[in-house]
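**Q** Have a look at this one before I ask anything.
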Amino acid sequence: MSCASGPRGRALEALADPARAKGAIRRIAEELGVHPEALRSWVKKAQVDGGLRPGTTTDEAQRIKELEKEVRELRRANAILKSASAFFAAECERPSR
């Protein structure tokens, strides 16, 4: 997801202008019709993604989400295989009719 276009991009560009620094978040948020906390969140995310602030980048967060989904799917498959293995092991131990 790119922050270079739309209101996020305009906001980040405006905040980069030192002449607009004092009270910039509130003023720019008002100009764009967004809540100041939303704008502040966009700025923090852009700073993390740009390496200016420590934290998990957007790409890293997406990768973590994908890996967590994969782990859930693998655990579910593992549970199914364990159940199937136990079922077939019990079937093998039963005497034939």
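**Q** Of the residues in the stretch 23-54, how many are acidic (Asp, Glu), more than 21 Å from the chain's Cα centre (by Cα) and at pLDDT 90 or above?
**A** Here the count works out to 1.
**Q** Consider only pairs whose beta carbons are under 7 Å apart and that are at least six residues apart or on different chains; among these, list those whose first residue lies in the stretch 43-62 and is closer than 18 Å to GLY9 by Cβ and whose second residue is assigned to a loop (DSSP other than H, G, I, E, B) and among the aliphatic types (A, V, I, L, M).
**A** Final answer for the pair search is THR58/MET1.
The values are calculated or read from the model by the stated rules, or taken from the named source; none is laboratory data. The structure displayed is predicted, hence computed values, not measured ones. All Cβ positions, glycine included, derive from the backbone under ideal geometry; neighbour counts span all protein chains shown.
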